[in-house]
Every structure is written in C-alpha cells, then in structure tokens.
Amino acid sequence: MDLAEVSIRLLLAGLIATGVGGTALTQPAPGGPPAVGVVEATTLPITETSEFLGRIEAVNRVNVVARVNAFLEQRVFTEGAEVKNGDQLYRLERAPFEADLATKQAAVAQLQATLENAKLTTDRARFLLGGPAGQQSTYDAAIANQRSLEAQVQSAQAQVQASQINLDYTNISSPIDGKIGRTAVTEGNVVSPSSGVLTTIVSQDPMHVTFPVPVRQGLKLRARYAPQGGLEAVVIRLRLPDGRMYGQSGKLNFVDNTIAQNTDTITVRGEIANPILHAPSAAGITVHELTDGEFVTVLLEGVQPVEVLAVPRSAVLSDQQGDYVLTVGADNKAEQHRIQLGQSTPTIAAVISGIAAGDKVIVEGLQRVRPGQSVSPGPASPTIQSSMKAAANDAAIDHGSSSGTPSADGKQ
C-alpha cells in the first residue's frame, strides 16, 4: 500500500468520526417552554377625556367711544389696569355744554312764566262765563293758549334734558368691571362718535372658552353624556400654551344652534374661573392666568369615571390585520385574540372587544412567543403591576382631537 492510499483512508475515517457527510452522532437537547409574565385583564375606573383646541374669550367686552364732539382734556385711567363699573376714564371739555344747558334752562323759565300768566287769563275767562260780559269764545281761546304754552314748556324741558345728557357725556366712565387696554387718543385731540374706539375693556373673571367640535365627534359625546345629565355631566380643564395644566375647572354652558358649513363643526362654549394670581402693583396692574384671545387645549372630562376592561399598553401588538394580544390558555399555550381598542393612554389600553375579564394576557416575553406555542407563565414584574394600578387612579382615555393630533396609542 503506497503513501497516497494510506492518506485517503485516514481522511475518510476522520470525516466519518466528525459526522461530516453522514448522520451526526449527537443532537442538542431541545429547551423548555419560554417564560412569560402575565396579568389578568380587569375592569378599572377611567375618566373619559376628549381634547380640542379652543380660545379664551372675555365674558364682557366693551369698546369705549365718545358720545359727543369735544376736546379730550384728560385721560384718567392707567393703561393695563383693572377698572370698576362707573370709574371715570376720560374727561372732555365741559364749558360749551354747560353754556348750552344754561340757555335751555333759561328758555324753560321764560315759558313757565308765560304759562303762569296764561293760566290766570283762563281762570278770569272761566269766571266771566257766569255773567253777561262773559263770552265762550274768549274762554276757549284762553284754554287753547294755555295748552299751547304747556306743550312748549314740555318741549323746552326735553331740550334741557338732552343738554344735560350731552354734558354728562363729557365724563366717559367704564360700564363694566375689567381690564382696560391702551388709549387710542391722547389729550388735546378732538373726539366724536366718528372717532372710533378710544380704548377697550374686557372682563377678567370668569372667562369663556370656545372651541369647535366636529359633528361626528359631537354626536358621540351627546350619546355618551346626554343620559348622564348633558352639559352637567362634563367638566372643562385647560392645558396652557406652555404645557401646564390650569388649576381651575369649568362647566359647559352653551352649544351653538348652527353647524359651520365650511368646517362641519359646531361651536361649544364653557365658563371657567380666572382669579388674580398676584396682588395688584402700585399702579393697579393685576395678573391673571387666562388672557382674552389666548389659544388653549380644552379637555372635556366626564364627571363620573366609567368602568373599562384594561390591559397594560405594552401587551398590545399590531400587524396588518389590526391589534391583538396573546393570552395563556388552560393548557399553557399562547392564544392570539384580535381586539378592538378604545383610544388609550401610554400605560393602559382600553379593550372594547376580543377578550374578557380574567383572561391572562402576556405582557413580558412577547418576543419569544408565537401563537399555539407552550409557555411557562408567571406574574408580571412588580413594575408593570404597580404602574397599571397607579395609572388607574388618574388615567384619562383620549377619545380624539379636533386638530387631528395623534392620540397616545398613535392613532388619529
């Protein structure tokens, strides 16, 4: 046997020994079922919340204008301060109106004196009617003259009243309580009814908040809250432009009677308190949280929590067919359940259909499990359980937004 033949035989023997080209001598033993953490689907009290974009509006707004034509002598108020009903704002030139009033009052006095003489004439004519010198025509003329003078006195008194009103208009006062803006006219200028707005006053506490609600969502809200008391079943909370939640809550008080055709929305209004944040400054300037015209996020919350079937949000999986969860069956095999979700928070998923209370939902170890596979179930980690309990205390299911902003579960 030559050296080449010996080498070939040795090579074949080595291949057989290592299992190359033939059946392996040993196979690794299969592992046990994967361990998974489960929680039971349970009902939790959830405060339902709907979110919209709204605008703050003052309950009362007054554009202050001049009622007479006169020089503006003095601006009495401090711009940006709060004023009270009846506080003087502007003082106009009074002298021309005082002179006009005095002229009208003198005319009244003159006519009243003439009327007194006419009354005496009428009395004499009435007395003479009982004697031979009396004539009915004389008496009738005296009566007519007296009544004419009485009418003239009434007309003159009305002119006095009009002059007094014009004189009073030279003191321009605030008709409401509120915060006053800047003045549009300074001292020394002539103002008149055609001069436009001198300044604007807006009330401060409470405030209105108005927001449009899409008709489809409005119908859902009506169906949800009408049996519970309608407007009284909802409270308003606000998220300010900087992301902070406003500390006051309010109530709905108005739903418009017309749908906006260009946006297919209906306007809803609520009222909310707007107290002073800090003590007024030396100039009388006050600070309130809400400002007329401010954009805010409006959250409509149900007064009473509702019971929903809830599972941890991390237990919900999605594919092209929709949302589903994996549960542990009686034989410890993973089962797939297609579910329908309500709009959910980052922590809790509200399940409308697909599973029942008490089902063991897999929330940990999902990446190692396939439907129909045997699993080794155990309680979910304390972190999952505690976070779900904590979220149940203050969770709010977001039922959509009029602005099209995605909800917490990523759906529109």
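Read-outs throughout are calculated quantities, based only on the coordinates presented, and are distinct from any laboratory measurement. All of these numbers come straight from a predicted model, not from anything done at the bench. Cβ placement follows ideal geometry from the backbone for every residue including glycine, while neighbour counts extend to all protein chains displayed.
Annotations
- Cβ crowding within 10 Å averaged over residues, with 206-214, 169-177, 121-129 ranked highest first: 206-214, 169-177, 121-129
- With the largest listed first and rounded to whole Å, the semi-axes of the equivalent ellipsoid of region 49-113 from the Cα gyration tensor are 44, 16, 10.
- Anchor Lys220: lysines whose Cα lies under 25 Å away (excluding residues fewer than 8 positions away in-chain): Lys251, Lys411
- Couplings 3J(HN,Hα) for region 379-389, derived from phi with the Karplus relation 6.51 cos²θ - 1.76 cosθ + 1.60 (θ = phi - 60°), are x, 5, 4, x, 4, 5, 5, 5, 5, 5, 5 Hz, where x marks Gly and Pro.
- Region 161-283 shape via C-alpha gyration tensor axes, a/c threshold 1.5: prolate
- Straight-line cross-link reach from Lys179 at under 18 Å between alpha-carbon atoms covers these lysines, not counting any fewer than eight positions away in the same chain: Lys84.
- Karplus-derived HN-Hα couplings along region 234-246 (A = 6.51, B = -1.76, C = 1.60, θ = phi - 60°), whole Hz, x at Gly and Pro: 10, 10, 10, 10, 10, 10, 6, x, 8, x, 6, 7, 6
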